[in-house]
Amino acid sequence: MVFSLFQAMMVMLKNDQNQNMSKYIGRRVLASAVIIGIILIAVATGIIQPNPTPH
């Protein structure tokens, strides 16, 4: 995710019209969605347990 962020930054700094920055941003969004999905599945199956009192 961090690598994709820096790739998008380099495209933005070069101001290259041939490369599409949304490809890198889309990868970050997809990676975030996959990570959240894995966490939700792990909580639902009992592999990890959420903190009952957040303070």
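How much accessible area per residue does the chain have, counting only protein heavy atoms and a probe of 1.4 Å, in square angstrom?
For the chain, the per-residue accessible area is 88 Å².
What's the carbon and sulfur percent of the chain's accessible surface, probe 1.4 angstrom, rounded to a whole number?
On the way: 3270 of 4820 Å².
So the carbon and sulfur contribution to the accessible surface is 68 percent.
Which option, (1) 79, 13, 6; (2) 32, 29, 15; (3) 48, 24, 13, is the value of Cα extents along the principal axes in Å that was calculated from these coordinates?
It is the value labelled (3).
If I model a spin label as a point 7 Å beyond the Cα along the Cα-Cβ vector, how far apart are those points for Ile39 and Leu13 in nm?
2.9
The values are calculated or read from the model by the stated rules, or taken from the named source; none is laboratory data. Remember, it's a predicted structure, so these values are computed and weren't measured experimentally. Note that each Cβ is placed from the backbone with ideal geometry, even for glycine, and that neighbours are counted across all protein chains shown. All accessible areas refer to the heavy atoms of the entire protein, side chains included, with ligands and DNA or RNA removed. Shrake-Rupley method; radii C 1.70, N 1.55, O 1.52, S 1.80 Å.
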